[in-house]
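Each remark here refers to the structure printed beneath this line.
All of the numbers you see were taken from the coordinates with simple rules; none came from a lab. Nothing here was measured: the structure is a model prediction, and the numbers come from that model. Note that we place each Cβ from the backbone using ideal geometry, even for glycine, and neighbour counts take in every protein chain shown.
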Amino acid sequence: MKNEISQQTLDLVMRQYGEHLLSASPLSSFYARGTAYQVRTEQGMRVIKPWTGGLHQLQQLKRLIAALQVADYSHAPAWFTTSSGEPFATCSSRWFYVTEWVMGAPFSPTRNTCRAAGQALAQLHQLTVTHTQLRQSGQSGLDQIPAVGTVQATPWLRELQRRATLFQKELVWVNPRSTGTAAWFRNHGQVCQQMTRQGLTRLTHPLVSRRLQQEWFHPHWLHGDVTVPNLIQTGSEVVLLDWDRAHPGMPTVELAKSLANVCGFCPDFMKNFIRGYMVLHPLSAEERKLVVAYLHLPWEAWNGLHKFRQGKSAPELPALRRSWSARLQGLIWARQWADSEIS
């Protein structure tokens, strides 16, 4: 494959970590082949990950790795360091990092595994982002915290409102077209808009909006891509893989997206994911309402239709169609849960 990295380059990377390559094979993500490499050295099995983000994101991940190590976070693979003590190595004008190869089974959603995944996510969300880390990440919001008792629209809420407006315009654009995607949005676009309005309305409730504001100005570390392919079962525990999208952010957003991506809107799985999460991070009434507000937002429809209009591949859309009926049923349960504690 033309985009695959040569074994010579992979060996040069491993030498910076004090190990010698014996063999290597490409790994595939949900979207592409060769996004990482399983390698064998005399010391054992490793994963080499070519870095595809920018320098800013790389430095951000470096800070998170340090925070995970200080907190002794047990649901991530161990990162190796080079002979100079850095988690990243350079070779052929590219950045790479190396982690342990996690022995386990592919994640399969069940009551127990969803509960374990929820607990792993909650432990991560206990890691707050310091003022220094936030400024280094390019977010200066902590310098602009409003006075106690005031509520103002955060940039995040304004961005959601902008995305909702864009989605409405793109529904108008796709409506007359004669494709399967256009037909699906003709049939379900109005319900997507209703979900969007319900989600945004819930976010603007004064108590919920105040909690949103608190999360915005006091972010925590997020994984950024909690999906079934990025989870692996190790006995009764769950390990989160592929941390390239990790960033400071709002835990309730990631919790909502995880419930959709990992649990597939199945009420029983969502209930157990939340039970696991609440072992370490009990959710207040306002946080529960925030989670349900985010669950209403049809992220896949927004992103998929936008890509479709641009002529790009939109893997979100087949997943959206497959999960549609389950999504509607899951939202019924979620609204009930938002107003009551889990039994």
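Extension gain, residue 62-residue 309: 0.36 nm per intervening residue step, less the Cα-Cα distance, totals 85.4 nm. Charge tally around residue 127: other residues with Cβ under 13 Å, Lys/Arg +1 each, Asp/Glu -1 each, net -1.
Charge tally for residue 251 (other residues, Cβ to Cβ under 10 Å; Lys, Arg +1; Asp, Glu -1): -3. Total lysine pairs in the chain at Cα distances under 22 Å, for residues eight or more apart or on different chains: 9. Using only side-chain charges placed at the Cβ, +1 for Lys and Arg and -1 for Asp and Glu, the dipole size of the range 7-101 relative to its Cα centre rounds to 280 debye. Across the alpha-carbon set of the chain, the Rg to Rh ratio works out to 0.98, Rh being the Kirkwood radius.
Whole-Hz Karplus values for the range 95-107 come out as 9, 9, 9, 10, 10, 5, 8, 7, 7, x, 10, x, 5 Hz, taken residue by residue from phi with 6.51 cos²θ - 1.76 cosθ + 1.60 and θ = phi - 60°; glycine and proline positions read x. Using the rule -39500 (n - 2.57) for each DSSP H run of four or more residues, divided by the residues of the chain, the 222 nm mean residue ellipticity is -16500 deg cm²/dmol.
Taking the Cα centre of the chain as origin and assigning +1 to Lys and Arg Cβ atoms and -1 to Asp and Glu Cβ atoms, the resulting dipole is close to 1240 debye.
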